[in-house]
Amino acid sequence: MDPSPHQARGARVQIGLAVTAALAAAALPPAPALADAAAEAGGGPPGLQEVVVTARKVAENLQIVPESIDVFTQKDLQNLAINNMDDYLQKVPSISYISTGPGTQLFVMRGVSDGSNPNYANTSSTGFFVDDISMSYGGSQPDLHLYDVERIEVLNGPQGTTFGAGAMSGAIRYITNKPDLNSFGAGVDFDGGQIQSAQQNWTYEGFLNVPLAPGVLGLRLSGYSNSQGGFINNELVTRTWVNTAKSTNAPWARDDYNRENVEGGRAELKAQVNEGWSALVTYAFQRQHTLGAWDELPNLPPRTVDRFGPEANLFETNMVEFRVDGDVGIGDLVYIGSYWNQERRQVNEYSQYEENYNAGAPTGGYPGTQEGFTCLNDPYYGTGPFTGCKPATQYYEYNVDPEQWSNELRLTSKPGGRFHWLAGFFWERITDKNYNDPYFMPNLQYNGAAFQSELAYYGLTKPTLPPGVWYTYTETSHILQTTEFANINFDVTDKLNVEAGVVHFHDDERYDTPILGFAYAFNTPSDFSQSSHKVDGKAGLSYKVTDHAMVYADWGQGFRPGGSNSGLPSGPNGCYASGVPQNYTPDTLNNYEVGWKTTFPQYQLLWNGAAYYMDWKNLQALIYNALVCPTSSYNINVGEAHIYGAESNIDYHLGERWALQASVNYTQASVVDVIDPNYQAYLGERLPFAPYFSWSWNVRYEQPLSDRLRGYAQFDMAHKGDMYNGLNPNDVNTGLPRILQPSYSLMNLRLGLNSANGKWLTEFYITNLADKNAIIYSNTGNFDLRLTTNEPRVYGLRVSYRWGKAGGGAE
């Protein structure tokens with residue numbers, strides 16, 4: 001839907017404000033001298049520091065990499081108290097995200113969204129990495145607790161030639177702290193908070209770094225325990241179902257219905273074999289368990305639901321990485337072998353499906369058509385009104401246990417010279433032998449008219465599934481992906497550099513669906529395999545205007561592999577006969593970008609920015625349309641989308657005491673062409689989860705109180721613009737319209753004391769200062785409208801202490 005003239009004028013005003021703010025930043029007045037060495041060591045606002053990133057798989061100064069990159073340094077992570085995915089996703093304007101609660105976050109970059117959501121997700125359009133382990137799977141990224149992390153790199157724009165399939169619109173990388181072979185270090189951290197009118201939060205963290213053999217062998221251990229209190233109330237209600245049965249939700253009703261517990265840790269062992277060779281082994285584990293819901297219902301008081309069944313999530317993540325770095329003469333060799341898996345067990349209340357199924361379908365579906373299966377008689381399958389009915393409660397389990405094994409071998413040129421190159425090979429195997437999705441209706445009446453009518457239709461005399469199971473789906477999958485990649489860049493002169501890259505991707509997939517069907521129908525097993533190839537590239541040039549200013553222009557491609565809609569019911573009335581394609585093709589994102597990177601040492605100012613245009617070909621989308629395929633979602637190639645945008649950030653230090661960081665993004669993303677006329681309604685529509693305008697900023701003031709003590713105050717604010725909650729203007733399954741989620745702004749305040757040597761800090765904070773009830777996601781995937789909301793205002797205390805040198809300091 002195109003914006004109204006009034007909305008368009010508002011967007012132009014916002015863009016103008018963003019550009020004006022960025023230009024004004026470049027003209028800020030000169031700052032006084034930098035802080036002295038003691039202030040630097042103590043975490044006071046220092047001058048501009050060199051930030052090293054590995055966005056191109058080699059260590060480089062952020063300001064010479066011709067890409068748009070947002071970085072949270074170790075100091076930023078500490079100052080902003082970034083502990084989980086939600087914390088930094090809120091603060092990166094180029095990222096928008098949705099969630100149904102912890103562990104279910106789904107984020108997109110620069111508006112590259114196909115409508116995937118926590119209920120129905122396609123392959124992720126954004127790569128997610130912990131060090132060198134790729135961890136995107138099935139559209140989701142693990143919600144890992146952030147502790148003992150060196151930095152987070154947010155790579156905006158396609159990263160296909162460096163990070164392969166899945167990093168189509170960009171990538172996020174966690175870079176963990178590695179063992180220090182020469183220095184002892186340790187630290188402990190505590191955080192406790194009171195949620196306003198709700199429960200408490202508690203976090204305990206600690207790390208230890210020990211040089212087992214100084215200069216040769218080092219061990220680093222870290223661990224954490226995090227408990228997040230509940231703030232959603234499950235109201236006690238009595239429901240009269242469409243089938244006339246009555247029931248209460250007493251078994252599940254309570255205040256502070258939701259709660260999260262996270263425990264985990266990491267162990268790293270590093271060996272320096274000789275001057276040119278080293279090895280690193282890492283193991284990490286996290287267990288995340290949630291109970292309840294993180295949403296509210298629009299017809300109830302804020303942060304209130306009325307659930308009639310169980311709701312819980314369990315995620316267990318294991319990560320192993322073995323890395324070898326070596327000097328082979330002509331270049332530096334890196335080998336990385338990794339393994340990860342994340343077992344997930346979800347239980348979700350789904351009773352509203354029974355109430356609203358097909359309610360708004362153009363074929364004339366009616367609410368309650370499924371509730372007859374809990375009755376002896378009903379008006380749809382029987383010969384009269386609902387009689388002998390029980391409550392039509394329903395819930396489902398979602399069980400998935402993917403395992404990924406990967407190997408990467410790459411060779412990079414030695415530092416120095418004019419010609420720089422990188423070449424490598426990547427092999428990845430993903431298996432999931434335990435994907436199943438059963439739906440339970442405890443009150444099924446097998447002798448009722450509805451169930452007996454369906455049995456007769458299929459020529460059966462008894463149910464085909466265990467008691468109480470309404471529908472089930474079981475699948476195993478085997479995916480093998482290989483990638484060969486190469487990147488080169490050449491210094492034509494001392495100022496001009498040209499760059500090029502290419503990647504070849506091969507994908508083999510096999511799916512086996514031994515069980516698929518309803519309790520009253522035949523099982524319809526199937527198996528399917530498919531392969532695809534893809535070649536993508538990038539090219540660009542950069543020019544150093546001065547020693548402290550660079551401009552660049554580049555073209556780059558990102559992609560996702562194609563796939564199959566395997567395991568769906570076939571036959572004359574099946575999903576394929578109704579229009580579901582057997583296969584869908586890879587999609588490609590072409591990004592055209594110009595940008596600048598500047599520093600003004602005399603002003604202690606950094607100002608970077610970029611403008612981009614992206615052409616998304618063969619846009620993949622995941623569809624759930626019960627009128628076409630009632631048993632499952634399916635993928636299609638919708639057509640083409642165009643995305644226009646700009647982003648900018650500044651880092652400004654005003655003397656010894658003041659520091660300011662700010663960033664802004666504007667994105668306009670819409671469908672411009674459709675392949676299949678059945679999806680003509682998408683043409684011209686704004687892509688979902690793509691706000692026009694987002695920004696964030698923070699300001700910090702530090703005041704020396706003595707030679708050993710400093711006080712500080714910090715304020716930060718983040719804004720996410722309004723965005724649609726889906727691609728289709730109307731949901732044919734529920735009759736609910738697409739929703740324009742309102743924009744929101746969140747503010748946090750921190751006041752504290754820290755030592756001049758960086759050893760300790762004590763901080764009082766208030767998060768969500770204005771107690772904003774922000775709508776993170778308008779979720780209609782359960783056949784009702786559930787509004788995922790954020791945590792209320794929290795009053796808290798944070799304490800940190802460090803020993804030794806290998807700890808990074810309590811900034």
At the level of C-alpha centres, the distance separating the stretch 162-189 and the stretch 498-553, in angstrom, is 23
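Too long at a 18 Å Cα-Cα cut-off: which of Lys91/Lys178; Lys390/Lys462; Lys91/Lys720; Lys57/Lys414?
Numbers: Lys91/Lys178 26 Å; Lys390/Lys462 20 Å; Lys91/Lys720 9 Å; Lys57/Lys414 13 Å.
From the list (Lys91/Lys178; Lys390/Lys462; Lys91/Lys720; Lys57/Lys414), the Cα-Cα distance tops 18 Å for Lys91/Lys178; Lys390/Lys462.
Which chymotrypsin sites (Phe, Trp or Tyr not before Pro) does the stretch 420-499 hold that lie in a coil by DSSP with at most 16 other beta carbons within 10 Å?
Working: sites: Trp421, Phe425, Phe426, Trp427, Tyr435, Tyr439, Phe440, Tyr446, Phe451, Tyr457, Tyr458, Trp470, Tyr471, Tyr473, Phe485, Phe490; in loops: Tyr446, Tyr458.
Here the chymotrypsin sites (Phe, Trp or Tyr not before Pro) that fit, given the DSSP loop and packing criteria, are Tyr446, Tyr458.
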Nearest-0.05 FRET efficiency for Asn757 and Val281, computed from C-beta distance (R0 56 Å):
0.95
Cα centroid of the stretch 586-663 to Cα centroid of the stretch 689-718, whole Å:
24
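Restricting everything to alpha-carbon atoms, can you work out Rg to Rh for the chain with a Kirkwood hydrodynamic radius? Don't skip to the end; give the middle numbers.
Numbers: Rg = 27.4 Å, Rh = 28.2 Å.
For the chain, the value is 0.97.
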With a Förster radius of 41 Å, plug the Cβ-Cβ distance of His642 and Thr461 into 1/(1 + (r/R0)^6) and report the FRET value to the nearest 0.05.
0.15
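Cβ under 15 Å from Ser743's Cβ, Ser743 left aside: what net charge do those residues give with Lys, Arg +1 and Asp, Glu -1?
Values: positive: Arg686, Lys720, Lys772; negative: Asp722.
That works out to +2.
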How large is ³J(HN,Hα) for each residue in the stretch 568-582, as worked out from phi by the Karplus curve 6.51 cos²θ - 1.76 cosθ + 1.60 (θ = phi - 60°), to whole Hz, x for Gly and Pro?
8, x, 10, x, x, 10, x, 5, 5, 5, 8, x, 6, x, 5
Please get the size of the charge dipole for the stretch 189-338, origin at its Cα centre, with Cβ charges of +1 on Lys and Arg and -1 on Asp and Glu, quoted in debye to the nearest 20.
540
Cβ-based net charge around Ser99, under 10 Å, with every Lys or Arg adding one and every Asp or Glu removing one
-3
Between the stretch 83-120 and the stretch 230-306, the Cα center-to-center distance that results, in Å
16
Quick one: dipole size for the chain, taken about the Cα centre, charges +1 on Lys/Arg Cβ and -1 on Asp/Glu Cβ, in debye to the nearest 20.
860
Under the Karplus curve 6.51 cos²θ - 1.76 cosθ + 1.60, θ = phi - 60°, whole-Hz ³J(HN,Hα) for the stretch 676-693, x wherever Gly or Pro sits
9, x, 5, 10, 4, 5, 7, 4, x, 7, 5, 5, x, 6, 10, x, 5, 9
Out of Phe128, Met109, Val149, whose Cα points farthest toward the positive end of the dipole of the stretch 109-176 (charges: +1 Lys, Arg; -1 Asp, Glu; placed on Cβ)?
Met109
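With every protein chain kept in place and ligands, DNA and RNA left out, what is the accessible area per residue of the chain? Probe 1.4 Å, answer in Å². Show your work: numbers first, answer last.
Working: 30970 Å² over 811 residues.
Here the per-residue accessible area is 38 Å².
Taking a 18 Å limit on the Cα-Cα distance, which of the listed pairs Lys544/Lys597; Lys75/Lys772; Lys75/Lys270; Lys538/Lys597 fall beyond it?
On the way: Lys544/Lys597 9 Å; Lys75/Lys772 27 Å; Lys75/Lys270 24 Å; Lys538/Lys597 20 Å.
Checking Cα-Cα distances, Lys75/Lys772; Lys75/Lys270; Lys538/Lys597 exceed 18 Å.
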List, in order, the whole-Hz ³J(HN,Hα) value for each residue of the stretch 633-646 obtained from phi through the Karplus relation with A = 6.51, B = -1.76, C = 1.60 and θ = phi - 60°; use x for Gly and Pro.
7, 8, 9, 9, 9, 5, x, 10, 10, 10, 10, 10, x, 8
Pick out, from Tyr439, Thr282, Gly331, the residue whose Cα sits farthest towards the positive end of the charge dipole of the chain, with +1 on the Cβ of Lys and Arg and -1 on the Cβ of Asp and Glu.
Thr282
Amide H contacts under 5 Å for Leu709, placed H, 5+ residues apart:
Ala756
Across bins of 10 angstrom width beginning at 0, how are the C-alpha pair distances of the stretch 485-607 distributed, in whole percent?
11, 25, 20, 15, 13, 11, 6, 1
With the charge dipole of the stretch 646-726 built from beta-carbon charges (+1 for Lys and Arg, -1 for Asp and Glu) about the Cα centre, the Cα from Leu705, Gly721, Ser694 projecting farthest to the positive end belongs to Leu705
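Measure off, as a whole percent, the carbon and sulfur share of the 1.4 Å-probe accessible area of the chain, all protein chains present. Display every interim value, and only then the final one.
Details: 18130 of 30970 Å².
The nonpolar share, carbon plus sulfur, comes to 59 percent.
Return the equivalent ellipsoid semi-axes of the stretch 730-800 as a descending list in whole Å, where each equals the square root of 5 times an eigenvalue of the C-alpha gyration tensor. Walk me through the intermediate numbers first.
Working: eigenvalues 332, 24, 16 Å².
With the √(5λ) rule applied to the stretch 730-800, the semi-axes are 41, 11, 9 Å.
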Charge tally in the Cβ shell below 10 Å around Trp294, where Lys, Arg are +1 and Asp, Glu are -1, Trp294 excluded:
-3
Round to the nearest 0.05 the FRET efficiency obtained for Ala713 and Trp427 when R0 = 30 Å and r is the Cβ-Cβ distance.
0.05
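The values are calculated or read from the model by the stated rules, or taken from the named source; none is laboratory data. In this text, all values refer to a predicted model and were calculated from it rather than measured experimentally. Cβ: placed from backbone, ideal geometry, glycine included. Neighbour counts: every protein chain shown. The protein model used for the area step is the full one, side chains on, heavy atoms only, and it has no ligands, DNA or RNA in it. Shrake-Rupley method; radii C 1.70, N 1.55, O 1.52, S 1.80 Å.
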